[in-house]
Amino acid sequence: MLRGILGSGFGVVSFMQRALRRCSWCAVRGNPRVVRSGFAAMKQRIALAAIVGLIGACTLAPVQAGKRPAARATATMGVDDALVAAREAFAGNDPARFEAAAAQASAHPLAEYLGFWRLRLQLQPPRASATPGAADAGIRRFIDRHRGTLVADLMRRDWLLDLGRRGLWSVFDDEYAQWVLRDDDEVHCYAALGRLQRGEPAPQAREIVFSVRRLGDGCGALLDAMARSGALQPAELRARLRVAIEANGPDTIRRATAALGLDAAAVDAALAKPSRALAQAATSEIALVALARLARNDPDAAAQKLRAGVAALRGEGLDFAWSQVAAAGMRRLAPEALDWTRLALEAPATDETWVWLARAALRAQDWPTLRAVVGRMSEAGRREPAWIYWTARAMREAGEAAGADALLRTLAGQFSFYGQLAAEDLGQLTATPPRAVAPTEAELVEPARNAGFARALEFYRLGLRFEGNREWNFQLRGMNDRQLLAAAEWACQRQVLDRCVNTADRTEAEHDFRLRFVSPYLDALEPAAAEQGLDPAWIYGLIRQESRFVTDARSWAGAQGLMQIMPATARWIARKLGERNFRVEQLHDLSTNLRFGTFYLRSVLDDLEGSPVLASAAYNAGPGRSRNWRSTLPHPVEGAIFAEIIPFNETRDYVKKVLSNAVFYAALFSGEPQSLKARLGRVAPQPASPSELP
């Protein structure tokens, strides 16, 4: 157990590791001897922190009931380890352990976060309900002391949620007006709820309560208040229920049906045993819940039920039911999805459903149906680049070339998958824009003086990337292109490459694609690519999407390193390469990660007949899925169509971005315009067969 805890500290040293790597274009170099020394010292501190954490856990774990003893400092920690331990105790909602660690971290450069975490713990249950408002004075002092910083705005957001729950609207309104982030739907719902409770107009209330996918405490209370007051009529409540059904949110479905006064037991039965509930459904709402639930698991069975007739469903209810069958069918790439789509064109659905029906039409290249489906989307949905592009293609198929070109021109200047495709349809291959003038020394002084960037670097040094990214991005608000380019350059000079890329990506008129598409580690990547016969531009495009060049990146699923390799896949690769002594920790070694990643990329490319689209999808979702998706095609399609109909949201976005990236890298490396369509190629159906690859 102790060995496992010590091993888990590896990810904390990301900043030190990155300093060992050479950026191919950056003039800043790290002294390897100094960095390795720092790396070793960091690991010693991590080991000490882990031991302390283990002892603390063993001391506190047996206390199951009764009063919990106060945590004691069992060893002296350095301020870095103490801050990390305090953050972990905060995340674990453990105030005793937090205070023990915080006492040793008070001199840390990030000490203001200790105050935030301490106050935040006071707002979390069960302490929040013990003495409501006990933390208010401390929160007010904290916000005033740190005014203008991210940590103050985070504190304000959490306080707003607490104030909203308590209904303290006068204080809430003052703080809401000063809240910068505006990133929490629940806070916005409380703001609307407060206005309703005071009898004031709340014009944004309906939009908020319909747009959120999940009805939490604030948004649920807003829905209930609007239902009681008559601000939402029964027809509107049924519409909100349909939104919940489309999003497949059981808790939100229960809340919406409760607002309609439906029997809770019947709703639970419709969610748990939809086929049986469908036969007994007394209302159209219960029937829709059951039918949509059944369709999620078995769209063909749901279609059979509809064809046989469901007494409670007719009119728009029946149309909506068919839309859910069609959407579920397309998510499973069922061959009948287009037929079901044609039965659903009058459904009172939202874009959540229409995008799947559009993909069903696109897969079959049924251009009239595609246009009909896109026409049912909201205005915002029709403005999405994907549907602008495919509508333009449908117009070309109908002989409306002038209108099609006009639509394509609205996309052609965008540095994105559909922007590149639109430009190519207009006769313009992908090229990089003129490079902006490099930031001056005076411009580079700004990020160097930015206290928020300094805090971000501290978090990166500790391996706390989430907090670091949040601090970094908060500083970018309101920056113009010159300031963004200076911040990006400054990040690249410090080899914080993911922030370099993401910051440079934000410019609107002045661009530096050397920063947007960095190419570090070239001396290690080129030999690995050559050994496998792979295009370095494609590898860079994949790494940019996988890890943003963070060498010790670790995904929620366990993928590791620059090319994000799963441990099981890495062991398979090691066996294929004859490496008997491979350890998963080696995936954070640059040369090992590149060698393993390029070997696997070559393997999936060969497994899928040399198609970069299929291979990119396989790298993300597995070669078996790529093979299965290909087998459902009714006929050969363009690679762009295949990319758009991938049923996994993450993989669909991934494939488009990887191949778009690859084309930009190829343009940068060659200095010549490039074709995205040529790289995408075509995908032809083949019978499903298992893959030998993991």
Item to complete: May I ask for the net charge around residue 182, where only other residues with Cβ less than 13 Å from the Cβ of residue 182 are counted and Lys, Arg are +1 while Asp, Glu are -1?
Response: -3
Item to complete: For residue 677, go through the aspartates and glutamates and keep the ones whose alpha-carbon is under 14 Å away, minus same-chain ones fewer than eight residues off.
Response: 424, 425, 638, 644
Discussion item. With a 1.4 Å probe and all protein chains kept in place, how do 591, 691 rank by accessible area, largest first?
Written reply: 591, 691
Practice prompt. Read phi for every residue in region 466-480 and hand back ³J(HN,Hα) as whole Hz from Karplus 6.51 cos²θ - 1.76 cosθ + 1.60, θ = phi - 60°, with x for Gly and Pro.
Written response: 4, 5, x, 5, 5, 4, 4, 5, 5, 6, 7, 4, x, 6, 8
Item to complete: Taking mean projected area of the Cα convex hull in nm² as the quantity of interest, determine which of (i) 38.3; (ii) 33.8; (iii) 29.7 was computed from the displayed structure.
Response: (ii)
Fill in: Helix-only [θ]222 nm of the chain, DSSP H runs n ≥ 4, -39500 (n - 2.57) each, per residue, nearest 500
-20000 deg cm²/dmol
Response to the item:
In Å², rounded to a whole number, the accessible area per residue of the chain with probe 1.4 Å is 43 Å²
Response to the item:
Around residue 471 (Cβ within 14 Å, Cβ-to-Cβ, excluding residue 471; K/R +1, D/E -1) the net charge comes to +2
Discussion item. Ranking request for peptides 255-261, 102-108, 396-402: highest mean number of other beta-carbon atoms within 10 Å first, then the rest in descending order.
Written reply: 255-261, 102-108, 396-402
Worksheet item: Hey, what did the chain get for relative contact order, percent, Cα under 8 Å, at least 6 apart?
Response: 10 percent
Worksheet item: Could you give the distance between the Cα centres of region 290-360 and region 390-419, to the whole Å?
Response: 29 Å
Worksheet item: Based on Cβ point charges of +1 for Lys and Arg and -1 for Asp and Glu, what charge dipole magnitude is obtained for region 336-431 about its Cα centre, in debye rounded to the nearest 20?
Response: 100 debye
Worksheet item: Which whole-number percentage describes the relative contact order of region 606-694, with Cα contacts under 8 Å and a sequence gap of 6 or more?
Response: 43 percent
Item to complete: Only Lys, Arg, Asp and Glu count, each charged at its Cβ (+1, +1, -1, -1), so figure out the dipole size of the chain about its Cα centre, rounded to 20 debye.
Response: 1620 debye
Response to the item:
Checking rank on 534-543, 419-428, with mean other Cβ inside 10 Å and highest first, the result is 534-543, 419-428
Practice prompt. With a 1.4 Å probe and every protein chain kept in, tell me what percent of the accessible surface of the chain is carbon plus sulfur.
Written response: 52 percent
Practice prompt. For residue 355, tell me the accessible area in Å² from a 1.4 Å probe, rounded to the nearest 10.
Written response: 30 Å²
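The values are calculated or read from the model by the stated rules, or taken from the named source; none is laboratory data. Since we're looking at a predicted model, the values are computed, not measured. Don't worry about glycine lacking a Cβ; one is built from the backbone with ideal geometry, like all the others, and counts go over all protein chains shown. Note: accessible area is taken over every heavy atom of the protein model, side chains too, but ligands, DNA and RNA are not part of it. Shrake-Rupley method; radii C 1.70, N 1.55, O 1.52, S 1.80 Å.
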